[in-house]
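Encoded as structure tokens, the structure appears first; notes follow it.
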């Protein structure tokens, strides 16, 4: 009994520190959820209720705003959704394909000016789209890509190249080179090896890059904002911003729109969290 | 991998067939790199040079640029009080991020730790704001910051305390930056926490265990063992935080448009205003070049000082 005294003390201290840990973390959880919960409360109220009690729980919840946005074609929710999906899928396939091609060359081939070429791509990291947007706008105008979803897609791909080439190069370098040697001896061309052996092996890395690009593309507002003029081509983010400007007096309706526009991201996040996290940490830490 | 090209070099000298092979190899390499290079050249490299060119003109964007003004745009920018304000605000955001946001993220990462039951749930929740778009974030916080305590939740909570008064957080030149910083912290702390969590994961528990056995308190353990071992993660996180702070745009633009009276102007909103609102494209290009130079200079100095060249490969 006496021998267990220190153990007991250790246990109770541990219990105390654990409770404190959970207490602090729970406070942070509340702070993280606060804006989201208030938004959802607002989305479930009538316009009048929102004006009188904007942040109280909606009792009983009113589903009219959500229904209106999903069903009323004037709000073009589904059209924006479609545009966003289109841009996201095109940009993501482009990024995955183009970056893995280039990363393969950098990881697995020897050629003159390789380091120079790689450094040039690295430079892209210091010229992010938020800084480049005005210069990029000139180019898009010259190429007649203004008010065209292709303009959005190509720019999104171009500014995702640097980071993702580096992530994939890291993964490709880690795949044993004996595999490549034996494939070449068996008569594989470089492309065969890349397409049939390397890419299937690198599937987790490709999934990480794809998940990350999907989030970035879906959430992007800046590029659509300067490229797209006609409302038929608005993406969901651009549409959300415009909606807030247009229906600003009906904040319950705005809340409903914003809440609905967040739903795809949240669902995607819950399913692809592992890929997103591994893409981000690979990019930032492993290189 | 290393000896493959050497062998094909040897072949090339001996037989013409080798030359063909080598040519085809070069051709393959070009094919692999071409798509990336074209897009990168067209949308990243070319715009840099083009905006250097336009920055030397007084150009409204219609017709060719003919009004050559030399470096006048660059000089005018430096003497514009609003630009200096934007620089100052950028420094404010950087400083606050480094002093408040990153230590907070680190503290939370340590709290979540390695073996806390439920740590995955905490991670998922804390990282959620990072994946929500900036538009959604901005609109949610606009609601919260509403100056009327009947409508804005933050002021509603505030007036519960005796002596506290409702504030127009985003409408007051003294509070607007702080208010935006709170939103930035809400959105980005999860990202930095994630980096630290990964860094912590890579520290073998034995080392801290050994420290504990040698009689180090948990605080000593943290400052003398954990923190130094997290060094490279912290340096990466600082780098990303500074670069991110310099280019803040969407959140600020939606919430305050850089106002009131330029009190929350950032370099990016300043450039956007001149480029896309006033259509002074030459002037805007010069701002873009300043921003590019700031990022480039910072990156080069930082990478030199921290002596970790592989940061360049790590964004």
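Here, each number is a calculation from the coordinates, and none is a lab measurement. Quantities reported herein were computed from a predicted structural model and do not represent experimental measurements. No Cβ is skipped: glycine too gets one built from the backbone with ideal geometry, and neighbour counts run over all protein chains shown.
Odds and ends about this structure:
- Per-residue Cβ neighbour rank within 10 angstrom, fewest leading, B:208, B:165: B:165, B:208
- With the convex hull drawn around the C-alpha atoms of segment A:2-66, the volume per residue stands at 109 Å³.
- Here segment B:80-313 is described by how far its Cα atoms reach on the three principal axes: 64, 49, 29 Å, from widest to narrowest.
- Measuring r between the beta carbons of residue B:67 and residue A:141 and using R0 = 25 Å, the FRET efficiency lands at 0.85.
- For the protein assembly as shown, convex hull of alpha carbons as volume per residue, Å³: 208 Å³
- FRET E, pair residue A:250, residue B:82, Förster distance 45 Å, beta-carbon r, rounded to 0.05: 0.85
- From the alpha carbon centroid of segment B:41-108 to that of segment B:154-227 is 30 Å.
- Within the listed set A:29, A:95, A:223, the Gaussian network model of chain A (springs between alpha-carbon atoms below 10 Å) gives the highest mean-square fluctuation for A:29.
- Cα Rg over Rh - segment A:186-235, Kirkwood: 1.29
- Chain A, relative contact order [Cα under 8 Å, separation at least 6], %: 29 percent
- When the helices of chain A are scored as -39500 (n - 2.57) per DSSP H run of n ≥ 4 and the total is divided over every residue, the value at 222 nm lands at -24500 deg cm²/dmol.
- Available extension along the chain between residue A:7 and residue A:178 is 56.2 nm, counting 0.36 nm per residue and deducting the alpha carbon span.
- Here the peptides B:61-67, A:256-262 are ranked by packing, the mean other Cβ count within 10 Å, and the order with the highest first is A:256-262, B:61-67.
- For segment A:246-287, the alpha carbon convex hull comes to 85 Å³ per residue, rounded to a whole number.
- Exposure proxy for A:9, A:82: other Cβ atoms within 10 Å of each Cβ, ordered fewest to most, give A:9, A:82.
- Relative intensity, log₁₀ I(q)/I(0), of segment A:73-286 from a Debye sum that treats every alpha carbon as a point, q = 0.09, 0.15 Å⁻¹: -0.43, -1.01
- Across chain B, the mean sequence separation of Cα contacts (distance under 8 Å, 6 or more residues apart), normalised by length, yields a relative contact order of 25 percent.
- Across segment B:116-236 the C-alpha pair distances fall into 10 Å bins from zero in the proportions 12, 27, 25, 20, 14, 2 percent.
- Per-residue average of Cβ from other chains inside 10 Å of B:119-131: 5
- Stretched out straight at 0.36 nm per residue, the stretch from residue B:27 to residue B:53 would grow longer than its current Cα-Cα span by 6.0 nm.
- Fraction of the pair-distance distribution of segment B:154-201 above 15 Å, Cα-Cα pairs, percent: 62 percent
- Calculated [222 nm] ellipticity per residue, helices only, for chain B: -20500 deg cm²/dmol; basis is -39500 (n - 2.57) per DSSP H run with n ≥ 4, divided by all residues, nearest 500.
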